[in-house]
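Coordinate-derived values only; no laboratory data. The shown structure was predicted, so the numbers you read here are calculated from the model rather than taken from an experiment. Ideal geometry is used to build each Cβ from the backbone, glycine not excepted, and the neighbour counts take in all protein chains shown.
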Amino acid sequence: MNPVDVIAKEIVDSAFKIHKELGPGLLESAYEACLEHALTKRGLSIERQKAQAVHYDGIIIDVGYRLDLLVNDLVIIELKAVTELAPIHQAQLTTYLKLSKKSLGFLINFNVPLIKNGIRRIANQFQES
């Protein structure tokens, strides 16, 4: 199993455990802190609220993009605690994947009765070879 798939399994398993114990209804920041803790306990390296600049025409532009969680410098996690995911949420993660050139991201909405319905795995189709 490649490293990205191993990380993906740990992310999904951690999200299930957190949701089982805490359920829906908390703030996004609470789930973010819990997921950071859970993944760190599993031996993964986590960067929280990591700045993501835009590279354009030879310059670097900081426009305020922040990755909720970056796991082992390989997988991006964008967390939500909303009634329903909107297309803009997926577009946000897709943009982060494109800008960072990472291959995989997870969009996780904890405000759902069943967490399996709140997890979306998104692969970067814009990754350079």
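Note on region 14-129: along the principal axes its Cα atoms extend 47, 32, 26 Å, ordered by decreasing extent. Of all DSSP bridge pairs formed entirely within the chain, close to 75 percent run antiparallel.
Place the peptides 113-124, 9-20, 70-81 in order of packing, highest mean first, counting for every residue the other Cβ atoms within 10 Å and averaging per peptide.
Numbers: 113-124: 14.4, 9-20: 17.2, 70-81: 20.8.
Ranking, from highest mean packing down: 70-81, 9-20, 113-124.
Multiplying the residue separation of HIS55 and THR83 by 0.36 nm and removing their Cα-Cα distance gives an extension gain of 6.7 nm.
Taking only Cα atoms, what is the 0 to 90° angle, nearest 10, from helix 3-22's long axis to the longest principal axis of the chain? On a 0 to 90 degree scale, this one is about 40. With respect to the chain, whose longest principal axis is taken over its alpha-carbon atoms, helix 87-100 is tilted by about 50°.
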